[in-house]
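Notes follow the structure.
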Amino acid sequence: TDFSHPLVSKGFFKGEITKELFVEKIAPARTFGFLEQLSVLRKHNLANGTSLGNTVVIGNDGYINKPRFENEFTCHKLLDLIGDISLLPHAIIGTIVAKKSGHILNRLVIEHFIKNKDQWDFV
């Protein structure tokens, strides 16, 4: 994560994603959003499924509901990346470096690999 807001700020993850780490820290990570943006999102028929149970909401004076753990925002972005990459037709063995990624950038990378199968090395 890399936002200018002091409650979100910069986040970083480096390590191996084990089953235990995924279950304990990555899977339970919720998305986050800013209360001031909610009316505009809803006006455009977005964020309709959001609730205080599945979203950490940041208001003008701080959190409306607290994060579950310290790096929840970073873990949620990692969860997004894992979900997006799972759309590839084969598993990836290797290292992924992502900076300021989101669903749109992730999709472009996935499309690139699907369209350029000659860049795959199968083991």
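Here are the numbers for the structure shown:
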quantity: Kirkwood hydrodynamic radius over Cα pairs of the chain, then Stokes diffusion coefficient at 4 °C and 1.567 mPa s, in µm²/s; calculated: 80 µm²/s
quantity: Nearest 10 degrees, 0 to 90: helix 103-115 Cα axis against the chain principal axis; calculated: 10 degrees
quantity: Proximal aspartates and glutamates to Lys43, defined as alpha-carbon separation beneath 12 angstrom and excluding residues fewer than eight positions away on the same chain; calculated: none
quantity: Carbon + sulfur, % of accessible area of the chain - ligands and nucleic acids excluded, 1.4 Å; calculated: 57 percent
quantity: Taking the chain and dividing mean pair separation by its residue count, relative contact order in percent (alpha carbons under 8 Å, at least six apart); calculated: 25 percent
quantity: Selected from Gly59, His44, Asn116, residue furthest toward positive end of dipole (segment 33-123; charges at beta carbon); calculated: His44
quantity: Long-range amide H partners of Ile58 with built H, under 5 Å; calculated: Gly33, Phe34, Leu35, Ile64
quantity: Taking segment 55-120 and dividing mean pair separation by its residue count, relative contact order in percent (alpha carbons under 8 Å, at least six apart); calculated: 26 percent
quantity: Over segment 1-57, relative contact order from alpha-carbon pairs under 8 Å, at least 6 apart, %; calculated: 28 percent
quantity: Charged-residue dipole, Cβ positions (Lys, Arg, Asp, Glu), the chain about Cα centre, Debye nearest 20; calculated: 220 debye
quantity: Accessible area of the chain divided out per residue, in Å², using a probe of 1.4 angstrom; calculated: 74 Å²
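The values are calculated or read from the model by the stated rules, or taken from the named source; none is laboratory data. Values in this document were obtained by computation on a predicted structure and should not be read as measured data. Using ideal geometry, Cβ is built from the backbone for each residue, glycine included, and neighbour counts are taken over all protein chains shown. To get the accessible areas, we keep the full protein, side chains included, count just its heavy atoms, and leave off ligands, DNA and RNA. Shrake-Rupley method; radii C 1.70, N 1.55, O 1.52, S 1.80 Å.
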